[in-house]
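**Student:** The following block contains the structure, expressed as structure tokens.
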Amino acid sequence: MLASGDRAPALGLLDQDGSKVSLSSFKGRRVLLYFYPKADTPGCTEQTCLLRDISKKIGDVSIVGVSPDAVDKQKKFAVKYKVGFPLLCDTEQVVSLKYGVWQEKSLYGRKFMGIVRSAFLIGPTGRIEEAWYKISPKDTPARLLKALES
């Protein structure tokens, strides 16, 4: 698992518009990189909409979401909820594995692999400032705002 001070793993994924996005695109800025299991499900929608709603309160911090969904699903999700930031498509779990969020999960006794909802505040130099594994949808914006205050 990644921790504060670690170099953020590189990423290069397509967003909901089919454009390639990399962390180097945000060099010199802070980035909240959050991972969610599936677009347009209750928890993921709540998390994304709460982050959308605080986006004007966080200055020049960029918000970037990542899920295993394909471009078309991310696009529908972004349009439906008027998401104004990139939603990246990690269909092959390349980035999710690098960040340690692709893990075995269990639901009703059934085991499967999936995204463990997590978020990372990455500093302007590309180092992780905060790493929040197994974060709840409501805690994501609250923890971001608290981290930015300190």
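Rule-based calculations on the coordinates, nothing more; no lab input. Quick caveat: nothing in here was measured; it's all calculated off a predicted structure. Cβ coordinates were reconstructed from backbone atoms using ideal geometry, including for glycine residues, and neighbour counts include every protein chain displayed.
**Student:** If the requirement is being touching a strand residue (DSSP E or B) at 6+ places or on another chain (Cβ under 8 Å) and within 22 Å of residue 129 (Cβ to Cβ), which of these qualifies: 23, 14, 50? Step through it out loud before you land on a result.
**Tutor:** Numbers: 14 fails: within 22 Å of residue 129 (Cβ to Cβ); 50 fails: touching a strand residue (DSSP E or B) at 6+ places or on another chain (Cβ under 8 Å).
Going through 23, 14, 50 in turn, the sole match is 23.
**Student:** For region 1-68, please list each of the strands (runs of 3 or more DSSP E) lying entirely inside it that holds at least 2 residues being surrounded by 15 or more Cβ atoms within 10 Å (Cβ to Cβ) and in contact (Cβ under 8 Å) with a residue 40 or more places away in the chain.
**Tutor:** 12-14, 31-35, 62-67
**Student:** Now a separate question. Given the conditions (1) touching a strand residue (DSSP E or B) at 6+ places or on another chain (Cβ under 7 Å); (2) in a strand (DSSP E or B), which single one is not true for residue 106?
**Tutor:** Exception for residue 106: condition (1).
**Student:** Working carefully through the options 116, 79, 83, 71, find the one that is touching a strand residue (DSSP E or B) at 6+ places or on another chain (Cβ under 6 Å), over 18 Å from residue 12 (Cα atoms) and either surrounded by fewer than 15 Cβ atoms within 10 Å (Cβ to Cβ) or of a type outside the set (D, E, K, R) (or both).
**Tutor:** Answer to the check: 116.
For (1) among the acidic types (Asp, Glu); (2) over 15 Å from the mean Cα position of the chain (by Cα); (3) more than 11 Å from residue 33 (Cα to Cα), each residue gets a yes or a no:
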| position | (1), (2), (3) |
| --- | --- |
| 60 | yes, yes, yes |
| 74 | no, no, yes |
| 78 | no, no, yes |
| 83 | no, no, yes |
| 89 | no, no, yes |
| 92 | yes, yes, yes |
| 120 | no, no, no |
| 124 | no, yes, yes |
| 132 | no, no, no |
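**Student:** Given the conditions (1) assigned to a helix (DSSP H, G or I); (2) farther than 28 Å from residue 5 by Cβ, and given that residue 111 satisfies all but one, which numbered condition is not satisfied?
**Tutor:** Tallying (1) assigned to a helix (DSSP H, G or I); (2) farther than 28 Å from residue 5 by Cβ, residue 111 fails exactly one: (1).
**Student:** Moving to a separate point now. Select from region 119-146 the residues that are in a helix (DSSP H, G or I) and surrounded by fewer than 17 Cβ atoms within 10 Å (Cβ to Cβ) and list them in ascending order.
**Tutor:** Of everything in region 119-146, those that are in a helix (DSSP H, G or I) and surrounded by fewer than 17 Cβ atoms within 10 Å (Cβ to Cβ) turn out to be 139, 142, 145, 146.
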